[in-house]
There are 2 protein chains.
Amino acid sequence: MIPQWIIEKKRDGLTLDDDEIRFMVDGFTRGSIPDYQMAALAMAICIRGMSPAETSVLTDAMMRSGERLDPSSFPGPTVDKHSTGGIGDKVMIILAPLVACCGVTVPSIAGRGLGITGGTLDKLESIPGYRTGLTTREFIAVVSACGCSIAGQTPSLVPADRKLYALRDVTGTVPSIPLICASIMSKKLAEGTAALVLDVKCGRGAFMKTRDQARALATALCEVGHRMRCPTTALITAMDQPLGRAVGNAVEVAECVEILEGRGPADLLEVTLALGAQMLVLGGIEPTGERALERLRPALASGQAFEKLKTMVRLQGGDPRALDEPARLPKASLSASLPAPRAGFIADVDAEKVGRACVALGAGRVRTDDTIDPAAGIIGLLKPGERVETDQPLCTLLAGSSTRLQEARRWMDNAFTVAEVPRPVGPLVLETLSAALPPSPATPGTRNPP
Amino acid sequence: MIPQWIIEKKRDGLTLDDDEIRFMVDGFTRGSIPDYQMAALAMAICIRGMSPAETSVLTDAMMRSGERLDPSSFPGPTVDKHSTGGIGDKVMIILAPLVACCGVTVPSIAGRGLGITGGTLDKLESIPGYRTGLTTREFIAVVSACGCSIAGQTPSLVPADRKLYALRDVTGTVPSIPLICASIMSKKLAEGTAALVLDVKCGRGAFMKTRDQARALATALCEVGHRMRCPTTALITAMDQPLGRAVGNAVEVAECVEILEGRGPADLLEVTLALGAQMLVLGGIEPTGERALERLRPALASGQAFEKLKTMVRLQGGDPRALDEPARLPKASLSASLPAPRAGFIADVDAEKVGRACVALGAGRVRTDDTIDPAAGIIGLLKPGERVETDQPLCTLLAGSSTRLQEARRWMDNAFTVAEVPRPVGPLVLETLSAALPPSPATPGTRNPP
């Protein structure tokens, strides 16, 4: 096969054959297809798109580029959750131990933050000693021992994605639904989950700004999941406001502890339970979402989920005492509160501005090789609908230097809108999508091990 | 400037700023923009297109990537001609000396053949001793001495084009009008011609298959020429049938000699005179095409143009005796004639099939690094409208091996259509395009030396 002929087909908007897609992915992974040919193909895909069948084959070819775990490696039904990323999205740290308490096994390969959206691995690494760089054997051992593990991608897992993502990042080919789909799904399918719940974030603080964009991505993800015989449900959730009252790394872990202790912000709890319910249904633990909620709530209230998180942290080398006593988490040397300019009701908190302020504080990355300050972030964010008096703090900024505090403050200047009368607060879970499994085994390749 | 932001703009169909285009071309030439970013940009340009203003800036940036000759380096008005390539297109070998006899100076940097279309340099190199690899100084000296030179691109001339063309060839980004335009025009403007006549070939044997495609390319080329203050006229000429009766290298040189001696095929003469008339008009030698023809015809009939070609050949190291006695040109060891299956009139000769047969004979290249057989080719091609008897040769194939003859024969099997009654033969020159010079100096950059 001639690479440029395949590139030309996609350039002209035609559909690629299965073996053409596999030839390009395999060659690119092995190095026989150079970066410049893959860059041209990625741009053609970005502009011309891919059919669901093509996207599934791309996902399958990428998944097969490295080591793959089989769901049978783990005890019990496996279900993972993936979020497309938002501001203050610490859900996974609560969700994984919570559903593990209810009989769902969660082998979760998570990511790092980039730009305004944070990453679960960065947050967990603020716990002293917590190791995200597990070997495959260690990962399986932790999952088998406590029912869940949240770790980083090993070098042998989906090398095609690592290579392609780095290339897309510098060639203007990131925002392509088929390429995003294949990147997410190839990693999730390779980690050995049998089913998947997706949290597709939608709004100012998310990658997908509009409902239509979010729906298109959610639909494409579900379609690939089902073609790959991985039952997939996607929730589209609002990401115009930050999730919870804390944004950063250590501060988000501390907020997870609040939820696991029966306190914490209502919006964070709501999204966590909505996703957890879908995981229990997909895992076959409960037949309906309502029944699933009846199982999730006591697991949380009893402190069982909190104990599970501490076990997972301990198994991954972390100090569980940092969860019992959040004062043991990294602490910022400087803080500054943002006073309300006038009394009224919080009408709006701009998640994007909060995210940019957090990057300025040092809690996020501009480039993949930036280091982050685990203690930096924002706490005590007032939520829409809440009453505020003049000069009362709208939130508190935490950082390691006054320069950072000042820069973040500029981003926060117009982040809050205070109105005279309370405005209605919209729903958090906007839509739930799932596709029925195809009637016959999917052609692009099922996930049985080779 | 961030390369991926520029790539993203073009990906989204936006117009690039002048300095963005220059930043990408300069960086790519110097090596600070890697191949993969240029490949992504080339694909985005291929699909999204470029405005005439963007194409002019791209041309200008590429032209400035290396050495440039100024029209004032040469005596008299300089006008060059460029053909987009066809089967049997040996026009330049007759045209350059012919118009040089009439007072037009022709500094012509020509190319090699690739695929089914031949290259003027390959044809000229079949003349024993002829050097196409002149230095800039030698090139200027030949032009100054005899009024014309046909040579190859020196390494210092438009290095951006050499690098970009090699990349486009392997990334499926060849058929893009702005990229083709910039490639052609940057070289022509750098070689120091003050005006340009273009022969945009249209039909089966050409890159542009339809009249609309040819017109789009011709329009874009004229527009760039005039924005760069290089008066440009484009002729769209038919390339469904091969031009002349000979296709190959040495055999085409021999056919040029026939024309220069007052014989030779009428279609080749017609296209040569049509292009020559435009060159004389653009060079300010004659006010109209009709008047120009009155000057061209005697220059040909008197043998003056033939003498000029021999002078040019001698100045470039070639043996002019090979033109007086074409038996001195390389001669193929094997030949085979193609008998007419029945009597009638030639209705059609498929230029594409003739071109493919010539590649099979060894007269053309599949890849840029293939070597060619200067003696191989096809001669004695009957022309549409001509009468043929059963078993009379339709043409004669020349090659160095019987395998090549056999392979070429398969391509020729259906190349000729013989009809019972003569069919009308269409015109050769289909359209003439030229754009008026813009009222004020073009913004993208005039060609005054830096």
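The values are calculated or read from the model by the stated rules, or taken from the named source; none is laboratory data. Predicted model, so just to flag it, every value in this text is computed and none were measured. Cβ sites come from the backbone with ideal geometry, for glycine too, and all protein chains shown count toward neighbours. Surface accessibility is based on the protein's heavy atoms, side chains included, excluding ligands, DNA and RNA. Shrake-Rupley method; radii C 1.70, N 1.55, O 1.52, S 1.80 Å.
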- Shape metrics for segment A:1-132, restricted to C-alpha atoms - Rg then Dmax, Å: 18.9, 53
- Let me have the relative contact order for segment A:291-432, percent, based on Cα pairs under 8 Å that are six or more residues apart. 30
- Query: Whose amide H sits under 5 Å from the amide H of A:Cys148, counting only residues 5 or more places off or on another chain, with H placed in the peptide plane?
  - Reply: A:Val106
- Query: Rounded to the nearest 5, what is the percent of antiparallel bridges among the DSSP beta bridges in chain B?
  - Reply: 55
- Item | Relative contact order %, segment B:1-76, counting alpha carbon pairs below 8 Å whose residues are six or more apart | 38
- Task: Leaving ligands, DNA and RNA out of it, report the carbon-plus-sulfur percent of the accessible area of segment A:260-403 at a 1.4 Å probe.
- Result: 50
- Listed by chain and number, the aspartates and glutamates with an alpha carbon less than 19 angstrom from that of B:Lys331, same-chain partners under 8 positions apart left out, are B:Asp122, B:Glu125, B:Glu252, B:Glu255, B:Glu258, B:Asp319, B:Asp373
- With the Cα gyration tensor of segment A:334-406 in hand, convert its eigenvalues to equivalent ellipsoid semi-axes via √(5λ) and list them largest first in whole Å. 25, 13, 8
- Message: If I fit a long axis through the Cα atoms of helix A:136-146 and take the longest principal axis of the Cα atoms of chain A, what angle between them do I get, 0 to 90°, rounded to 10?
- Response: 50
- Task: For segment A:246-258, just list the computed ³J(HN,Hα) in residue order, Karplus coefficients 6.51, -1.76 and 1.60, θ = phi - 60°, integers in Hz, with x standing in for Gly and Pro.
- Result: 10, 10, x, 10, 4, 5, 6, 4, 4, 5, 4, 4, 4
- Where the accessible area of segment A:85-232 is counted over protein heavy atoms with a 1.4 Å probe, how much of it, in %, is carbon and sulfur? 58
- For chain A, what's the relative contact order in percent, using C-alpha pairs closer than 8 Å and at least 6 residues apart? 20
- Cross-link list B:Lys163/B:Lys310; A:Lys163/A:Lys187; A:Lys90/A:Lys353: which exceed 24 angstrom alpha carbon to alpha carbon? B:Lys163/B:Lys310
- Note on the structure: Gyration tensor (Cα only) of segment B:266-346 to equivalent ellipsoid, semi-axes in Å sorted down, yields 32, 24, 10
- Given +1 on the Cβ of Lys and Arg, -1 on the Cβ of Asp and Glu, and no further charges, what dipole in debye does the protein assembly as shown carry about its Cα centre, rounded to the nearest 20? 580
- Overall dimensions of segment B:259-394 as given by Cα atoms, namely Rg and Dmax in Å: 18.6, 51
- Message: For a quick size check, give me the Cα extents of chain B along its three principal axes, largest first, whole Å.
- Response: 69, 43, 39
- When ligands, DNA and RNA are left out and all protein chains stay put, how many square angstrom of accessible area per residue does segment A:179-273 have with a 1.4 Å probe? 24
- State, in square angstrom and to the nearest 100, the accessible area buried between chains A and B, both chains counted, probe radius 1.4 Å. 1700
- For helix A:91-101, what angle does its Cα long axis make with the longest principal axis of chain A, in degrees from 0 to 90 and rounded to 10? 80
- Message: Can you give the Rg/Rh ratio of the protein assembly as shown, where Rg is from the C-alpha atoms and Rh is the Kirkwood radius?
- Response: 1.12
- Query: Rounded to the nearest whole Å², what accessible area per residue is found for segment B:1-48 with the 1.4 Å probe?
  - Reply: 43
- How large is the helix-only mean residue ellipticity at 222 nm for the protein assembly as shown, computed as the sum of -39500 (n - 2.57) over DSSP H runs with n ≥ 4, divided by its residue count, in deg cm²/dmol to the nearest 500? -13500 deg cm²/dmol
- Query: Short version: which residues of segment A:26-49 lose at least 50 Å² of accessible area, all chains versus chain alone, 1.4 Å probe?
  - Reply: A:Tyr36, A:Met43, A:Ile47
- Rule-of-thumb Rg ratio for segment B:118-274 [Cα; 2.2 N^0.38 Å; N residues]: 1.11
- Note on the structure: Long-range amide H partners of B:Leu329, meaning residues 5 or more apart or on another chain whose placed amide H is closer than 5 Å, are none
- In degrees between 0 and 90, to the nearest 10, how far off the longest principal axis of chain A does helix A:35-48 point, with axes built from Cα atoms? 80
- Query: Equivalent-ellipsoid semi-axes (√(5λ), Cα gyration tensor) for segment A:79-188, whole Å, largest first?
  - Reply: 24, 16, 14
